[in-house]
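I have placed the structure first, in the form of structure tokens, so that the comments after it can refer back to it.
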Amino acid sequence: MEYPHKKTLYLTCLLIGVITGSILVICLYFANWSILITSYNENDGALGVILIIVFRIAILSGMTCYTFFRWFKQEEHYLSDIPFLFGLFFLLLVFGKALDLLGDLVFFYIEDSIILLILKIRFIILIISLLPMIYLSIGMILFSLSLKEKYNKLKDEQFHNKIRKTIIILILLIESVAGIFAPSITVLSFYYPIIAIPSLLTIFWLFYFAFKNKRLSQVDPSILTIGFGALLVSQILRPLAQFFIGESVSFLIVVEIIDLIIFLIIFIGFYKKANY
């Protein structure tokens, strides 16, 4: 039986996190307000970029509210629950997109040191946003290993969770330190695919494994495999397309539309339940 105050505690912590994050993002926008106005006035396609990213933020916010609402409707609440992990994933994407919009608008108008700071914050958000899905993936990897006789100890839930948490903490520490101490925008840009592609590949494997082995029945792993597979492909192709085409307003809008479709597929995969 769950203690009555536990749900209130989780809700309070979540609201404090959202409010604090929102205030910090708003402060960043106000600190660069004059530059934002200049960028808007001097770039014909700025309105289009703003509209598509704001639309994405609105859609992701709706996804976030739904997933957390579904979690809070449960009788028992655990931080390892799939609705909570997906809610955290979508919530961090909201903050990530808000910083993406800021970076896109001020990139050519402020000093590299300020841009580097914004990109480092965005990098940390990227790392944390992938951790909920990686946490699920590690759990599934340990489960698959536990089926082998020599890894029988992994069937012990306490030992299993200890290994899982240790791996997550190590990933967070190593990747965060790498991002924080990145000396330049070029180096940090080099880190993005190094972090994102292996992480997305692991998440893709998670849902493919779950689909093939009929696991995670509270979501639809087949749709999630497609969604995260598409996200993986887009992350691989985007830098190549950016190199050959260049980062124009049209390019940004097309990329945002493609990403929006991909995340809608991922949300549908969360919304639906498996047919097994």
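The values are calculated or read from the model by the stated rules, or taken from the named source; none is laboratory data. None of the values given here were measured: they were computed from a predicted structure. Here the Cβ is made from the backbone with ideal geometry for all residues, glycine too, and neighbour counts use every protein chain on show.
Annotations
- Close contacts from segment 182-208, counting a first residue that is under 9 Å from Phe228 (Cβ atoms) and a second that is of a type in the set (Phe, Trp, Tyr), with Cβ to Cβ under 8 Å and a gap of 6+ residues or different chains, come to Leu200/Phe228; Ile203/Phe228; Phe204/Phe228; Phe207/Phe228.
Residue-by-condition table, conditions (1) farther than 28 Å from Leu101 by Cα; (2) of a type in the set (A, V, I, L, M, F, W, C):
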| site | (1), (2) |
| --- | --- |
| Tyr191 | no, no |
| Phe204 | no, yes |
| Ser217 | yes, no |
| Phe228 | no, yes |
| Ala241 | no, yes |
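- The number of residues in segment 22-43 being farther than 21 Å from Arg122 by Cα and either among the basic types (Lys, Arg) or in contact (Cβ under 8 Å) with a residue 12 or more places away in the chain (or both) comes to 3.
- Failed criterion for Gln74 (all others in (1) surrounded by 19 or more Cβ atoms within 10 Å (Cβ to Cβ); (2) in a loop (DSSP other than H, G, I, E, B) hold): (1)
- Considered as a group, the residues in segment 40-71 that are of a type in the set (Phe, Trp, Tyr) and crowded, with 17+ Cβ neighbours inside 10 Å include one that is farthest from Tyr10 (Cα to Cα), and that residue is Tyr66.
- Summed over segment 233-255, residues that are assigned to a helix (DSSP H, G or I), polar (S, T, N, Q) and closer than 20 Å to Ser39 by Cα total 1.
- Taking segment 84-97 as the range and being under 30 Å from Lys6 (Cβ atoms) and either touching a residue at least 24 places away in the same chain (Cβ under 8 Å) or touching a His at 6+ places or on another chain (Cβ under 9 Å) (or both) as the test, the residues that pass are Phe84, Leu85, Phe86, Leu88, Phe89, Phe90, Leu91, Leu92, Leu93, Val94, Phe95, Gly96.
- Cβ-Cβ contacts under 6 Å between residues 6 or more apart (or on different chains), taken from a first residue in segment 158-172 that is under 16 Å from Met133 (Cβ atoms) to a second residue that is surrounded by 15 or more Cβ atoms within 10 Å (Cβ to Cβ), are listed as Arg164/Ile138; Arg164/Gly139; Ile167/Ile138; Ile168/Tyr135.
- Within segment 142-167, being surrounded by fewer than 13 Cβ atoms within 10 Å (Cβ to Cβ) and either touching a Phe, Trp or Tyr at 6+ places or on another chain (Cβ under 8 Å) or of a type in the set (Val, Ile, Thr) (or both) holds for Lys153, Thr166.
- Flag if Ile82 is surrounded by fewer than 20 Cβ atoms within 10 Å (Cβ to Cβ), of a type in the set (A, V, I, L, M) and closer than 30 Å to Lys165 by Cα: yes
- Residue in segment 230-242 that is within 19 Å of Tyr135 (Cα to Cα) and without any contact (Cβ under 8 Å) to a residue 60 or more places away in the chain present: yes
Residue-wise test of (1) charged (D, E, K, R); (2) closer than 27 Å to Phe267 by Cβ.
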site: Thr12; (1), (2): no, yes
site: Ala31; (1), (2): no, no
site: Thr38; (1), (2): no, no
site: Leu47; (1), (2): no, yes
site: Leu51; (1), (2): no, yes
site: Ile59; (1), (2): no, yes
site: Gly62; (1), (2): no, yes
site: Arg70; (1), (2): yes, yes
site: Ile82; (1), (2): no, yes
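- Candidate set from segment 223-246 (those that are buried (at least 17 other Cβ atoms within 10 Å of the Cβ) and among the small types (Gly, Ala, Ser)); member that is nearest to Trp71 (Cα to Cα): Gly227
- Of all residues in segment 247-276, those that are under 19 Å from Thr225 (Cβ atoms) have Cβ atoms under 7 Å from Cβ atoms of residues that are surrounded by fewer than 15 Cβ atoms within 10 Å (Cβ to Cβ), 6 or more apart or on another chain, in Lys273/Ser217; Lys273/Gln218; Ala274/Ser217; Tyr276/Lys214; Tyr276/Ser217.
- Here Leu130, Leu136 are screened, and the one residue that is under 19 Å from Gln235 (Cα atoms), within 18 Å of the chain's Cα centre (by Cα) and touching a residue at least 12 places away in the same chain (Cβ under 8 Å) is Leu130.
- Residues of segment 209-247 satisfying the condition of being farther than 28 Å from Phe143 by Cβ, out of contact with any helix residue (DSSP H, G or I) (no Cβ under 7 Å at 6 or more places or on another chain) and either charged (D, E, K, R) or at pLDDT 95 or above (or both): Glu247
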